[in-house]
There are 2 protein chains.
Amino acid sequence: MSKRSVTIVDIAEAAGVSIATVSNVLNRRNVPMSEETIRKVEDTAKQLGYRRNVMAANLSRQKSYELGLIVPSFTGYYGQFAEEMERKANEHGYHMSVFSAGGMKPEMEKRHLEMLLSRRVDGLFCHGLAMSHESTRAVVSDGTPLVLFNGWGWPADIALAAVNLDFAGGSLEAVRHLVQQGCQSLVYVGRSKALEVNGQRLAGFKKGVEQYGGDLPVMLLDITDCAADRIVDEVIRSSLHETQPIGILVFDDYAALSVMSAALKRGLRVPDQVKISGINNDPLSTACYPALTTLDIAYDLQADIAIGKMLERLEEKPFHMPDASMDTGGQEIHIPMKLIQRESSGANVPTL
Amino acid sequence: MSKRSVTIVDIAEAAGVSIATVSNVLNRRNVPMSEETIRKVEDTAKQLGYRRNVMAANLSRQKSYELGLIVPSFTGYYGQFAEEMERKANEHGYHMSVFSAGGMKPEMEKRHLEMLLSRRVDGLFCHGLAMSHESTRAVVSDGTPLVLFNGWGWPADIALAAVNLDFAGGSLEAVRHLVQQGCQSLVYVGRSKALEVNGQRLAGFKKGVEQYGGDLPVMLLDITDCAADRIVDEVIRSSLHETQPIGILVFDDYAALSVMSAALKRGLRVPDQVKISGINNDPLSTACYPALTTLDIAYDLQADIAIGKMLERLEEKPFHMPDASMDTGGQEIHIPMKLIQRESSGANVPTL
DNA sequence: CTGAAAGCGCTTACAG
DNA sequence: CTGAAAGCGCTTACAG
């Protein structure tokens with residue numbers, strides 16, 4: 001049933017020309033050709049239902065036109081980013097192979113990397129954090145260009161660039177906002193497992209406290225999956241509870257929703273007594289009630305720059321930053337985050 | 001900088017054997033070989049840092065070991081499914097190329113399909129709904145095996161199988177549950193743009209009303225992005241408002257959260273006055289307050305069967321259904337959905 | 001047990 | 001403007 005597919009040999013025979021000519025016509029190079037051959041070849045190609053075999057073409061051209069992207073997972077933040085990256089790569093004639101490392105599992109990451117290198121991808125995009133040193137060495141020694149995203153403090157010679165979300169700047173801004181809204185104490189609820197991505201937020205939070213916090217009481221907490229209830233209990237038991245409203249910056253919108261739910265469950269009024277800010281501007285931040293203040297992430301900007309840096313290397317095209325102010329000259333590029341204020345919705349309190 | 005990579009020719013020379021032998025050793029076929037050659041080849045391969053060129057191998061074998069998956073989007077439901085599919089394919093030695101059709105855009109779907117067929121993927125997994133007839137014809141006429149997911153009523157000769165979530169059965173169950181919880185009226189909030197996926201839910205809802213609803217008043221509504229507020233307004237204005245609690249089944253958890261939020265905003269108590277059930281068992285259904293009752297989706301079961309059906313065709317391996325009861329004999333396979341009850345959390349009412 | 005040779009489907013100088 | 005030929009890196013009968 002699976003008939004051998006049509007090749008340029010078939011077309012050449014049917015059209016009475018050489019396979020070189022067929023190839024020339026079908027790829028419209030700068031080679032001059034007669035109108036008639038062009039028409040003849042194109043027609044028979046269409047008639048025979050020809051579809052180019054990309055594997056063969058790539059093998060011959062010594063280029064795969066395939067790019068690899070390894071994200072920690074497909075859910076939430078990274079799913080959106082991956083979708084954006086895929087679209088952008090397509091626009092430039094590349095194929096993007098996306099893999100999830102199953103939540104930063106080094107062995108999965110390694111398997112995918114090996115596979116990608118075996119396929120001779122032209123370039124690789126990796127999460128700067130999840131990358132093990134071993135994996136990195138494999139990539140680098142292979143000579144495959146690498147662009148990191150959300151990777152801080154990597155040696156400059158390893159990657160073409162590190163395109164990072166400015167979690168620190170965003171968190172700073174969030175603290176400023178909470179203080180401005182009258183918060184009398186400040187809490188950061190982080191996720192230590194997220195390592196540097198958490199560290200950046202924390203650094204921004206601390207800087208914010210320093211700059212805007214005066215001598216407001218501060219508390220640092222860590223949320224391990226679903227422990228939002230305990231987080232809130234700790235806040236309630238603490239002295240912070242006496243000086244309301246309490247301002248809480250949470251690792252991401254999902255965790256922020258959990259924290260808010262736990263607060264509501266315990267009878268706290270949001271945002272009267274507790275003001276919460278998430279991070280990511282996930283759709284859920286507006287679907288919940290009250291809606292969450294959050295930090296918006298410019299996925300497409302991040303994707304634009306990551307792809308741009310890669311193509312700059314792969315093709316000749318020099319790449320110019322969409323926003324000149326972002327060009328720090330170094331290899332680490334920071335994507336700004338924007339605060340989305342959503343304090344409007346009324347407060348909320350449980351009934352029984 | 002990008003040194004030509006090591007090939008089997010290099011290994012052959014260094015080890016003093018033929019490339020055929022190198023290939024034989026590296027692929028451990030049933031060909032008998034001397035221990036010594038094996039060792040020699042393996043050692044030099046390692047030494048030279050050889051990595052097989054999959055493009056070349058595949059071209060030669062006339063097989064790509066690549067599978068294509070086209071989902072409507074990477075977010076929510078389909079992101080999880082894609083991740084599962086990818087993992088499963090890897091387990092069986094295949095590479096899964098996942099593409100998002102940007103929310104069922106036919107032209108994107110077509111572009112991806114063309115690309116996938118050009119790469120000579122061994123098999124294709126497509127959303128049964130988004131597939132245009134034109135695209136389908138291209139796949140079928142190419143002889144590439146196709147497995148549909150969430151596609152109802154397709155002609156049997158087009159795909160190997162259609163692996164569908166049993167939205168109808170799940171919705172039926174949800175209605176039974178709402179009635180059992182004492183609901184005095186029933187509402188279905190659908191998303192008509194989702195076509196058949198919505199239709200299946202609606203059918204299940206109606207059947208549920210028939211079987212368990214007695215003569216309870218019923219209302220059918222449609223949610224266009226973010227119009228949850230208006231949905232709730234309509235319910236409040238209707239006569240349903242007089243006979244509480246109202247039971248609402250919503251298209252998915254995200255929309256269910258929006259509806260719940262809108263209800264809370266208007267002062268309705270959940271779940272006292274309004275009982276809501278979502279679909280998908282998304283993490284957010286437990287992060288919100290009150291937590292949402294929902295229908296769990298067995299992604300990995302769906303992925304198992306989809307991949308199983310494909311491999312049954314691609315390799316010899318006969319595939320046996322994980323659950324014999326699901327084998328309806330036909331090509332349409334239904335993945336059961338399980339109700340997750342979360343009525344426990346206390347009710348909720350806005351303050352001002 | 002090992003190797004010479006043909007072949008996978010295309011591209012790309014190069015010669016005409 | 002067109003085509004013969006070499007080559008991309010591997011696999012696979014087949015002969016020894």
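Go through (1) within 13 Å of chain B (Cβ to nearest Cβ); (2) within 8 Å of DNA strand C (Cβ to nearest atom) for A:VAL9 and report which single condition fails.
(1)
Within the range A:328-352, track down each residue that is modelled with pLDDT of 65 or more, open to solvent by less than 50 Å² (accessible area, probe 1.4 Å) and part of a strand (DSSP E or B).
A:GLU332, A:ILE333, A:ILE335, A:LEU339, A:ILE340
Return yes or no: is A:HIS112 within 25 Å of B:LEU69 (Cβ to Cβ), buried (at least 19 other Cβ atoms within 10 Å of the Cβ), within 16 Å of DNA strand C (Cβ to nearest atom) and not hydroxyl-bearing (Ser, Thr, Tyr)?
Values: within 25 Å of B:LEU69 (Cβ to Cβ): yes; buried (at least 19 other Cβ atoms within 10 Å of the Cβ): yes; within 16 Å of DNA strand C (Cβ to nearest atom): no; not hydroxyl-bearing (Ser, Thr, Tyr): yes.
No, not satisfied.
Within the range A:122-145, how many residues turn out to be touching a residue at least 24 places away in the same chain (Cβ under 8 Å) and open to solvent by less than 10 Å² (accessible area, probe 1.4 Å)? Lay out the reasoning, then the answer.
Initially, the range A:122-145 is screened for residues touching a residue at least 24 places away in the same chain (Cβ under 8 Å), giving A:122-130, A:132, A:134-135, A:138-139, A:142, A:144-145.
Now narrow it down to the ones that are open to solvent by less than 10 Å² (accessible area, probe 1.4 Å): A:123-128, A:135, A:139.
Selection size over the range A:122-145: 8.
Of the conditions (1) within 13 Å of DNA strand C (Cβ to nearest atom); (2) assigned to a loop (DSSP other than H, G, I, E, B); (3) more than 18 Å from B:LEU116 (Cα to Cα), A:SER73 clears all except one; give me its number.
(1)
Read through the list (1) in contact with a Pro (Cβ under 7 Å, 6 or more places away or on another chain); (2) not in a helix (DSSP H, G or I), then give the number of the only condition that B:LEU240 fails.
(2)
Based on this model, can you work out whether B:VAL187 counts as under 18 Å from the mean Cα position of the chain (by Cα), open to solvent by less than 50 Å² (accessible area, probe 1.4 Å), aliphatic (A, V, I, L, M) and in the same structural domain as B:MET260 (by TED's automatic domain parsing)?
Working: under 18 Å from the mean Cα position of the chain (by Cα): no; open to solvent by less than 50 Å² (accessible area, probe 1.4 Å): yes; aliphatic (A, V, I, L, M): yes; in the same structural domain as B:MET260 (by TED's automatic domain parsing): yes.
Taking the combined requirement at face value, the residue does not satisfy it.
State yes or no: is B:ARG29 part of a helix (DSSP H, G or I), basic (Lys, Arg), within 12 Å of DNA strand C (Cβ to nearest atom) and open to solvent by 60 Å² or more (accessible area, probe 1.4 Å)? Lay out the reasoning, then the answer.
Numbers: part of a helix (DSSP H, G or I): no; basic (Lys, Arg): yes; within 12 Å of DNA strand C (Cβ to nearest atom): yes; open to solvent by 60 Å² or more (accessible area, probe 1.4 Å): yes.
Considered against the rule, which asks whether it is part of a helix (DSSP H, G or I), basic (Lys, Arg), within 12 Å of DNA strand C (Cβ to nearest atom) and open to solvent by 60 Å² or more (accessible area, probe 1.4 Å), B:ARG29 comes out as no.
Which condition does A:MET321 not pass, out of (1) open to solvent by 20 Å² or more (accessible area, probe 1.4 Å); (2) more than 20 Å from the chain's Cα centre (by Cα), if it passes all the others?
Going through (1) open to solvent by 20 Å² or more (accessible area, probe 1.4 Å); (2) more than 20 Å from the chain's Cα centre (by Cα) one by one, A:MET321 breaks only (2).
Looking at (1) in contact (Cβ under 8 Å) with a residue 24 or more places away in the chain; (2) farther than 28 Å from B:ASP166 by Cβ; (3) open to solvent by 20 Å² or more (accessible area, probe 1.4 Å), which is the one condition that is false for B:SER238?
Result: B:SER238 passes all but (1).
Can you name every residue in the range A:47-70 that is more than 10 Å from every other protein chain (Cβ to nearest Cβ) and more than 14 Å from DNA strand C (Cβ to nearest atom)?
A:GLN47, A:LEU67, A:GLY68, A:LEU69, A:ILE70
Determine whether the range B:78-101 contains at least one residue that is closer than 25 Å to A:LEU284 by Cα, in a loop (DSSP other than H, G, I, E, B) and either in contact with a Ser or Thr (Cβ under 7 Å, 6 or more places away or on another chain) or in the same structural domain as B:ALA255 (by TED's automatic domain parsing) (or both).
no
Do you know which of the residues in the range A:22-32 that are modelled with pLDDT under 85 and of a type outside the set (D, E, K, R) is farthest from DNA strand D (Cβ to nearest atom)?
Taking the range A:22-32 and keeping what is modelled with pLDDT under 85, we get A:28-31.
When the remaining residues are screened for being of a type outside the set (D, E, K, R), the result is A:30-31.
Working: A:ASN30: 10, A:VAL31: 5 Å.
Filtering the range A:22-32 for residues that are modelled with pLDDT under 85 and of a type outside the set (D, E, K, R), the one farthest from DNA strand D (Cβ to nearest atom) comes out as A:ASN30.
Checking A:PRO290 against (1) in a helix (DSSP H, G or I); (2) within 14 Å of chain B (Cβ to nearest Cβ), only one condition comes out false. Which one?
(1)
Regarding the range A:132-144, can at least one residue be identified that is under 20 Å from B:ASN90 (Cα atoms) and either part of a loop (DSSP other than H, G, I, E, B) or more than 10 Å from chain B (Cβ to nearest Cβ) (or both)?
Among the residues of the range A:132-144, at least one is under 20 Å from B:ASN90 (Cα atoms) and either part of a loop (DSSP other than H, G, I, E, B) or more than 10 Å from chain B (Cβ to nearest Cβ) (or both), which makes the answer yes.
Please list, ordered by first then second residue, the pairs with beta carbon atoms under 8 Å, 6 or more apart or interchain, first in the range B:79-107 and more than 10 Å from chain A (Cβ to nearest Cβ), second part of a helix (DSSP H, G or I) and of a type in the set (Gly, Ala, Ser).
Cβ pairs passing all conditions: B:MET85/B:ALA303; B:MET85/B:ALA306; B:LYS88/B:ALA303; B:PRO106/B:SER135.
Working carefully through the options B:SER118, B:SER100, find the one that is crowded, with 23+ Cβ neighbours inside 10 Å and polar (S, T, N, Q). Even if it seems obvious, please write down each step before you answer.
Details: B:SER118 fails: crowded, with 23+ Cβ neighbours inside 10 Å.
It is B:SER100.
Please go through the range B:32-46 and give me each residue that is touching a residue at least 12 places away in the same chain (Cβ under 8 Å) and either within 7 Å of DNA strand C (Cβ to nearest atom) or β-branched (Val, Ile, Thr) (or both), ordered by number.
Once the filter is applied, which keeps residues that are touching a residue at least 12 places away in the same chain (Cβ under 8 Å) and either within 7 Å of DNA strand C (Cβ to nearest atom) or β-branched (Val, Ile, Thr) (or both), the range B:32-46 yields B:MET33, B:THR37, B:ILE38, B:VAL41, B:THR44.
Starting from residues that are within 21 Å of the chain's Cα centre (by Cα) and open to solvent by less than 20 Å² (accessible area, probe 1.4 Å), keep the ones in the range A:252-262 and report whichever is farthest from A:THR75 (Cα to Cα). Please lay out each step first, then the result.
Residues of the range A:252-262 within 21 Å of the chain's Cα centre (by Cα): A:252-256.
Subset that is open to solvent by less than 20 Å² (accessible area, probe 1.4 Å): A:253, A:255-256.
Working: A:ASP253: 13, A:ALA255: 14, A:ALA256: 17 Å.
So the residue we want is A:ALA256.
Answer yes or no: is there a residue in the range B:217-229 that is surrounded by fewer than 17 Cβ atoms within 10 Å (Cβ to Cβ) and touching a Gly at 6+ places or on another chain (Cβ under 9 Å).
Yes: one or more hits.
Can you name every residue in the range B:33-70 that is assigned to a loop (DSSP other than H, G, I, E, B), more than 10 Å from DNA strand D (Cβ to nearest atom) and open to solvent by 40 Å² or more (accessible area, probe 1.4 Å)? Explain how you work it out, then say what you get.
So in the range B:33-70, the residues assigned to a loop (DSSP other than H, G, I, E, B) come out as B:33-34, B:49-53, B:62-65.
Filter again for more than 10 Å from DNA strand D (Cβ to nearest atom), leaving B:33-34, B:49, B:64-65.
Across the range B:33-70, the qualifying residues are B:MET33, B:SER34, B:GLY49, B:TYR65.
Tell me which of these A:ASP296 doesn't satisfy, since it passes every other one: (1) open to solvent by less than 40 Å² (accessible area, probe 1.4 Å); (2) within 30 Å of A:VAL232 (Cα to Cα); (3) not small (Gly, Ala, Ser).
Of the numbered conditions (1) open to solvent by less than 40 Å² (accessible area, probe 1.4 Å); (2) within 30 Å of A:VAL232 (Cα to Cα); (3) not small (Gly, Ala, Ser), the odd one out for A:ASP296 is (1).
The values are calculated or read from the model by the stated rules, or taken from the named source; none is laboratory data. What you see is a predicted model, and the numbers here were worked out from it, not measured in a lab. Virtual Cβ from ideal backbone geometry, glycine too; neighbours counted across all protein chains shown. The protein model used for the area step is the full one, side chains on, heavy atoms only, and it has no ligands, DNA or RNA in it. Shrake-Rupley method; radii C 1.70, N 1.55, O 1.52, S 1.80 Å.
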